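Trainee: Just dropping this structure here.
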Amino acid sequence: MTVVTLNAPQFVDTKPLLTARNVCKSYGDVRALRDVSAVVYPGEVLGIVGESGSGKSTFLRCLNLEEVPDAGSYSLDLPDVQGNLFDLDRYARRMLCATQIGIVYQNPHLGLLMNHSSSGNVAERLLVAGERSFDVLRDKARDALDASEFPLERMDAPPSELSGGMQQRVQLAKAIALEPALLLLDEPTTGLDVSVQALVLDTLKRLQQERQITMVIVSHDLGVIQTLSDRVMVMRHGQVVEQGLVDQVFQDPQHSYTQQLVHAKL
Ligand SMILES: Nc1ncnc2c1ncn2[C@@H]1O[C@H](COP(=O)(O)OP(=O)(O)OP(=O)(O)O)[C@@H](O)[C@H]1O
């Protein structure tokens with residue numbers, strides 16, 4: 001199959017932070033990922049779009065080391081991080097995820113303990129990474145919640161008592177608390193009211209610009225991808241069918257499937 005690649009990445013002078021090669025994953029007869037490859041440069045935002053079932057979330061779960069693929073390699077260009085990350089043992093995966101990879105899920109139940117305080121949810125991430133001082137835990141949790149534009153007067157409330165937008169902000173605070181090298185976002189605004197969605201997107205964009213966080217964002221919403229991403233990868237049936245600079249792909253899609261997606265949105 002021919003993959004349409006419209007443009008070389010903007011960040012060609014730098015080494016990629018993330019390199020994934022030929023990632024394959026099947027669930028029984030379902031081939032969720034077929035030789036999916038991606039590179040993401042430091043400070044870059046890669047968007048992944050595609051219809052339901054195209055493999056977007058499976059790929060993100062592989063990048064978060066919570067899913068073990070059947071084949072493929074994955075590396076992060078970070079000090080003291082070597083080799084194929086898919087080969088790491090459970091402990092090494094857990095430590096790498098705790099310190100270098102943050103994730104925000106569409107479903108807050110996957111990312112949060114819904115009946116623990118919001119600040120406790122953020123602190124838990126810091127605890128896993130070895131922080132033990134209560135004052136430091138609380139201060140860092142507060143800072144991360146503040147950076148995520150969470151209303152601090154609610155920081156002791158459990159996520160179960162918060163709105164959907166606030167829950168996503170708690171997930172975001174937890175994800176960025178340790179200033180990870182890579183932030184993964186799986187449909188972070190899907191299901192929120194349009195006005196709340198816009199506010200959460202504003203926060204993500206501001207954080208990305210201020211901190212130059214390298215991100216991979218999955219969404220079926222082309223508007224979300226266009227707002228946040230530098231480059232986009234279009235997936236269908238577990239394969240990448242087109243990739244390139246986001247404006248170029250959306251303004252001049254080359255693959256018939258991307259054309260359908262773009263025209264469906266217009
Ligand atoms: N744990 C699992 N067990 C069995 N099949 C799975 C599992 N996870 C994903 N799949 C299947 O793999 C394929 C890809 O699913 P995936 O969730 O990655 O797609 P997606 O593009 O993220 O879809 P959506 O936008 O609906 O979330 C689908 O056919 C799905 O049913």
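Trainee: Being away from the ligand (no atom under 16 Å from the Cβ), touching an Asp or Glu at 6+ places or on another chain (Cβ under 6 Å) and not β-branched (V, I, T) is the requirement here; does S117 meet it? Don't jump to the end; show me each part of the working.
Mentor: Numbers: away from the ligand (no atom under 16 Å from the Cβ): yes; touching an Asp or Glu at 6+ places or on another chain (Cβ under 6 Å): yes; not β-branched (V, I, T): yes.
For S117, the condition - away from the ligand (no atom under 16 Å from the Cβ), touching an Asp or Glu at 6+ places or on another chain (Cβ under 6 Å) and not β-branched (V, I, T) - is met.
Trainee: Of the residues S133, S75, only one is under 17 Å from the mean Cα position of the chain (by Cα), farther than 30 Å from V196 by Cα and not hydrophobic (A, V, I, L, M, F, W, C); which? Working first, answer last.
Mentor: Numbers: S133 fails: under 17 Å from the mean Cα position of the chain (by Cα).
Going through S133, S75 in turn, just one is under 17 Å from the mean Cα position of the chain (by Cα), farther than 30 Å from V196 by Cα and not hydrophobic (A, V, I, L, M, F, W, C): S75.
Trainee: Then there is this: Might you check whether a residue that is over 27 Å from L65 (Cα atoms), buried (at least 18 other Cβ atoms within 10 Å of the Cβ) and modelled with pLDDT of 95 or more occurs anywhere in the range 193-213?
Mentor: So far as the range 193-213 goes, no, none of its residues is over 27 Å from L65 (Cα atoms), buried (at least 18 other Cβ atoms within 10 Å of the Cβ) and modelled with pLDDT of 95 or more.
Trainee: Something else about it: Find all pairs meeting these conditions: Cβ atoms under 7 angstrom apart; at least six residues apart or on different chains; first residue within the range 138-149 and farther than 13 Å from N121 by Cα; second residue open to solvent by 10 Å² or more (accessible area, probe 1.4 Å) and in a helix (DSSP H, G or I).
Mentor: Correct list of pairs: D146/L152; S148/R169; E149/R169.
Trainee: Separate question: Of T258, T189, which residue is within 16 Å of the ligand (Cβ to nearest atom) and in a helix (DSSP H, G or I)?
Mentor: On the way: T189 fails: in a helix (DSSP H, G or I).
Being within 16 Å of the ligand (Cβ to nearest atom) and in a helix (DSSP H, G or I) holds for just one of T258, T189, which is T258.
Condition check ((1) over 14 Å from the mean Cα position of the chain (by Cα); (2) over 30 Å from K25 (Cα atoms); (3) within 16 Å of the ligand (Cβ to nearest atom)) across all residues:
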{"position": "L152", "(1), (2), (3)": "yes, yes, no"}
{"position": "V170", "(1), (2), (3)": "yes, yes, no"}
{"position": "V194", "(1), (2), (3)": "yes, yes, no"}
{"position": "H220", "(1), (2), (3)": "no, no, yes"}
{"position": "P253", "(1), (2), (3)": "yes, no, no"}
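Trainee: Further, regarding this structure: For the range 44-62, which residues satisfy the criterion of being more than 6 Å from the ligand (Cβ to nearest atom) and either among the charged types (D, E, K, R) or in contact with a helix residue (DSSP H, G or I) (Cβ under 7 Å, 6 or more places away or on another chain) (or both)?
Mentor: E44, V45, G47, I48, V49, E51, R61
Trainee: In the range 18-43, which residue that is within 9 Å of the ligand (Cβ to nearest atom) and part of a strand (DSSP E or B) is nearest to Q243 (Cα to Cα)? Give the derivation first.
Mentor: In the first step, residues of the range 18-43 are kept if they are within 9 Å of the ligand (Cβ to nearest atom); the result is 25-28, 30-33.
Filter again for part of a strand (DSSP E or B), leaving 25-27, 30-33.
Values: K25: 20, S26: 23, Y27: 25, V30: 24, R31: 21, A32: 19, L33: 16 Å.
Applying the filter and picking the extreme gives L33.
The values are calculated or read from the model by the stated rules, or taken from the named source; none is laboratory data. Because the structure is predicted, anything quoted here is derived from the model rather than measured. Here Cβ is always computed from backbone atoms with ideal geometry, including for glycine, and neighbour counts include all displayed protein chains. All accessible areas refer to the heavy atoms of the entire protein, side chains included, with ligands and DNA or RNA removed. Shrake-Rupley method; radii C 1.70, N 1.55, O 1.52, S 1.80 Å.
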